[in-house]
Amino acid sequence: MHRSGLVTAVFLFWACSLFASDIDGHWRLMRHTDDGNTLETFLDLKQHGSRLTGMLLVDWGDLPISDGSIEDNRISFTVPIDPSYAFRFSGEISGSEMRLIQYDPNVGTFPVSAIHMAANEPLSPARLPLPELHAVKDNGLARTPPMGWNSWNFFHDKIDDVTVRQIADTIVATGMRDAGYVYLNIDDTWQGSRDASGRIRPNKKFPDMKSLADYVHSKGLKLGIYSSPGPKTCAGYQGSYGHEEEDAKTFAEWGIDYLKYDWCSAFRVYKDSEMRAVYQKMGDALIHTDRPIVYSLCQYGKEDVWKWGKLVDGNLWRTTGDIRDNASSMFANAESEVDLAPWADVGQWNDPDMLEIGNGGMSADEYRTHMTFWSILAAPLIAGNDLRHMTPETRDILTNPAVIAIDQDPLGKQGHRISKQGEVEIWMRPLAGGAVAIAILNLGTGDASITTRWKDVGIPAVQRVRDLWARRDLPRDSASYSATVKAHGAVLIRLQRQQ
């Protein structure tokens, strides 16, 4: 090689190495939102020639990037969330700055920027000490599973004061309030910044939270809100980390009746094994307000929460990851509770996540199965659809009084699976007054002919048999029930024992 060629090659190698080192490391990714917030996440990147690898460090986990590439000053990569959902990034890099376009299927396309961080710059705030464990006083709430509505499944970050008021009006007009759906819960993205004293303020989508609570209360409903024990929420907004007492007091002053408390970002400060103490801090803070606030623990079933949730004053606790609007997700969340019946009781409920009924991803038969499963599990019934535009069929599924009565049975015992043959399952739930509920569920993709004998479920003689979806009584002198259950369909029967 000629000397000039050697010098050129060495220079190019040095330049590429320098360029790679400028890419490698942590980047602070920032997005400016319409509600006035600047949301931050992080990238951990490494360059391999024209290939880019690394992680997107969001407040709910570390996600590997794929299809990463860098050519000249152009950069692009994908972050798969699940087989049908992914974030996509593309844009330009200039020295220690990036200008990117992000595509999020739930939100759309929006600009983001990134700044290369110093090697010793922390990704999370300093760890605060945790309290010694103790049993928090029972708040005496949620004697039956909470019923209501939550904004996240349908609206995601597109929720505001006007929409919440419209939903409140609709809950009343459609008869859902009278059916028991009384909690109207605002999920993530309501938060603004903290003032000089540390007090949380709502962002401009919610100009006056106290006024909103007053409006909701005037409709005979209760208002719920969302936060996190971590520095940030799942969507990157202000969490309650280090401000538990202040936030609980603020929520009480606004007139909040329900708090969903999501583990997101707390994992960057604390270990999962410390979860009980972390949730205890807010449990104590809520009790100190002297306002009745239902406490909903959202931590995806980690650390066997059903064994300690009641000790931090939890009224309900998530047993699963987030539900999706499809039958596979719905079945998986329900089946996760097959062994958890002993841990449910009055005021303390296993929560397989919110209802997707009416959001369009499942058939009417599958939505009836969704409601059947949740009722037999004594699960909270938190609707997640756009109530303003639901069909009569969706309303009928959500408001079937006999099915709701199973869910709200005052005995407070969760159902359990008593039979599984292939894709056909039978679940039984004991009810007050000696009655029982029987759910016959076809999880298969083809219709199934099923016969269930009452003596096989421990009922030798019955006084009344009622099919709750068909809304008709069955012959009480029969010793069994036979039917063809549609694919992904369900039958729900109430049996009154013969005295």
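The numbers here are math on the coordinates, done by the rules we state, and not lab data. Small disclaimer: the values here were computed from a predicted structure and weren't measured. Positions of Cβ are backbone-derived with ideal geometry, glycine not excepted, and every protein chain shown enters the neighbour counts.
Across the cross-link table entries 205/302; 137/219; 281/302; 210/271, which are compared at the Cα atoms, the separations over 25 Å belong to 205/302; 137/219; 210/271. Seen against the Cα atoms of the chain and their longest principal axis, helix 209-218 is set at about 10 degrees.
Sites count as exposed loop sites when they are GluC sites (Glu not before Pro), lie in a DSSP loop, and have at most 15 other Cβ atoms within 10 angstrom; the longest stretch of the chain without one is 133-422.
All C-alpha pair distances within the chain, sorted into 20 Å bins from zero, spread as 22, 49, 24, 5, 1, 0 percent across the bins. Positive contributions from Lys and Arg (+1) and negative ones from Asp and Glu (-1), summed over other residues with Cβ under 13 Å from the Cβ of residue 274, come out at +3.
Filter the trypsin sites (Lys or Arg not before Pro) in region 111-183 down to the DSSP loop ones having no more than 16 other Cβ atoms within 10 Å, then list what survives.
127, 137, 143, 158
Think of each Lys and Arg Cβ as +1 and each Asp and Glu Cβ as -1; about the Cα centre, that makes the dipole of the chain roughly 960 debye.
Using the Cβ-Cβ distance between residue 470 and residue 141 with R0 set to 60 Å, the FRET efficiency works out to roughly 0.95. Proximity of backbone amide H atoms, modeled 1.01 Å from N, is registered between residue 359 and no other residue at under 5 Å, excluding neighbours fewer than 5 places apart on the same chain. Modelled spin labels at residue 97 and residue 421, positioned 7 Å past Cα toward Cβ, are 7.0 nm from each other.
Report, for the chain, the % of DSSP beta bridges that are antiparallel, rounded to 5.
Just about 80 percent of them are antiparallel.
A DSSP coil position with no more than 13 other Cβ atoms inside 10 Å describes the following trypsin sites (Lys or Arg not before Pro) in region 404-499: 471. Taking Cα atoms only, the orientation of helix 244-254 departs from the longest principal axis of the chain by about 60 degrees. Taking amide H atoms as placed 1.01 Å from N in the peptide plane, the amide H of residue 481 lies under 5 Å from those of 452, 453, 454, each 5 or more residues away in sequence or on another chain. If R0 equals 30 Å, the separation of the Cβ atoms of residue 28 and residue 130 corresponds to a calculated FRET efficiency of about 0.60. Amide H contacts of residue 316 (H built 1.01 Å from N, in plane; Pro and chain starts excluded): 295, 297, 349 sit under 5 Å, all sequence-distant by 5 or more or on other chains. Residue 71 sits among other residues whose Cβ lies under 12 Å from its own Cβ, and their net charge, with Lys and Arg +1 and Asp and Glu -1, is 0.
Helix 161-173 and the longest principal axis of the C-alpha atoms of the chain enclose an angle of approximately 10°.
Taking a ≥ b ≥ c as the square roots of the eigenvalues of the Cα gyration tensor of region 147-407, is the shape rounded (a/c under 1.5), prolate (a/b larger than b/c) or oblate? The shape class here is oblate. Each of 103, 183, 270 was scored by other Cβ atoms within 10 Å of its Cβ. Arranged with the fewest first, they read 103, 270, 183.
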